[in-house]
1. Condition check: on the phi > 0 side of the Ramachandran plot and either in contact with a helix residue (DSSP H, G or I) (Cβ under 9 Å, 6 or more places away or on another chain) or of a type in the set (A, V, I, L, M) (or both). Does Lys74 satisfy that?
2. Only residues that are in a helix (DSSP H, G or I), in contact with a helix residue (DSSP H, G or I) (Cβ under 8 Å, 6 or more places away or on another chain) and under 19 Å from Ile50 (Cα atoms): list them for the range 87-100, please.
3. In the range 73-87, what residues are within 25 Å of Ala42 (Cα to Cα) and at pLDDT below 95?
4. Which of the residues that make up the range 14-32 are hydroxyl-bearing (Ser, Thr, Tyr) and crowded, with 20+ Cβ neighbours inside 10 Å?
5. Condition test on Phe66, is it at pLDDT 95 or above, of a type in the set (A, V, I, L, M, F, W, C) and on the phi < 0 side of the Ramachandran plot?
6. Please go through (1) under 28 Å from Asp124 (Cα atoms); (2) over 11 Å from the mean Cα position of the chain (by Cα); (3) not polar (S, T, N, Q) for Ile53 and return the number of the only condition it doesn't satisfy.
7. Return yes when Ala15 is small (Gly, Ala, Ser), modelled with pLDDT under 90 and closer than 28 Å to Leu128 by Cβ and no when it is not.
Amino acid sequence: MLLVRNPGINKMWPAGAAAVVVTLMLDVTLVNLNAFQFNSAANAYKGVPIFYIIANFANGMLLARFVPVKGFLKLLFTVGFAVIFLFVEWAAIRLGYFQYINWSLLHSLGLNIIGFIVVLWAADLLDLRRLNPWY
């Protein structure tokens, strides 16, 4: 959490909450549609592991903290973070924590970009990023 220190969790938590809502909406729906599944869903909410949901709370805060507010860098960082998230997903597949059923890495990349855009839109709507160092 040191990366979220300034402006701090007390300011950035709504971005984390937005990330949790986006995660639940997208991943629960896609698990129900048999697009993919989590293999270790013992501690899960509707097929999505609780730890994954909690981790996305922190991811949302970090995303809102580090992605620039406007300009070309905003697009570059959003796509860059989506690609990094895709590599984490690929590693989870290779380790057997996650598997595609009717899904692909390309689908995930598109979904990651859309999800990140929604989280960033919510952060901007709530004016969470005015203390962003890239502003």
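The values are calculated or read from the model by the stated rules, or taken from the named source; none is laboratory data. Bear in mind the structure is a predicted one, so any value in this text is a computation, not a measurement. Because the Cβ atoms are built from the backbone with ideal geometry, glycine has one as well, and the counts that use them run over all protein chains shown.
1. Against the criterion (on the phi > 0 side of the Ramachandran plot and either in contact with a helix residue (DSSP H, G or I) (Cβ under 9 Å, 6 or more places away or on another chain) or of a type in the set (A, V, I, L, M) (or both)), Lys74 does not qualify.
2. Step one: of the range 87-100, the residues in a helix (DSSP H, G or I) are 87-94.
Those left that are additionally in contact with a helix residue (DSSP H, G or I) (Cβ under 8 Å, 6 or more places away or on another chain): 89-90.
Result: Glu89, single match.
3. Selection gives Phe85 alone.
4. Filtering the range 14-32 down to residues hydroxyl-bearing (Ser, Thr, Tyr) leaves 23, 29.
Answer for the range 14-32, where residues must be hydroxyl-bearing (Ser, Thr, Tyr) and crowded, with 20+ Cβ neighbours inside 10 Å: just Thr23.
5. No.
6. The number of the failed condition is (2).
7. Numbers: small (Gly, Ala, Ser): yes; modelled with pLDDT under 90: yes; closer than 28 Å to Leu128 by Cβ: yes.
Yes.
Residue-by-condition table, conditions (1) touching a residue at least 24 places away in the same chain (Cβ under 8 Å); (2) closer than 28 Å to Leu125 by Cα; (3) surrounded by 13 or more Cβ atoms within 10 Å (Cβ to Cβ); (4) touching a strand residue (DSSP E or B) at 6+ places or on another chain (Cβ under 7 Å):
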{"site": "Met12", "(1), (2), (3), (4)": "yes, yes, yes, no"}
{"site": "Ala42", "(1), (2), (3), (4)": "no, no, no, no"}
{"site": "Gly60", "(1), (2), (3), (4)": "yes, yes, yes, no"}
{"site": "Leu75", "(1), (2), (3), (4)": "no, yes, yes, no"}
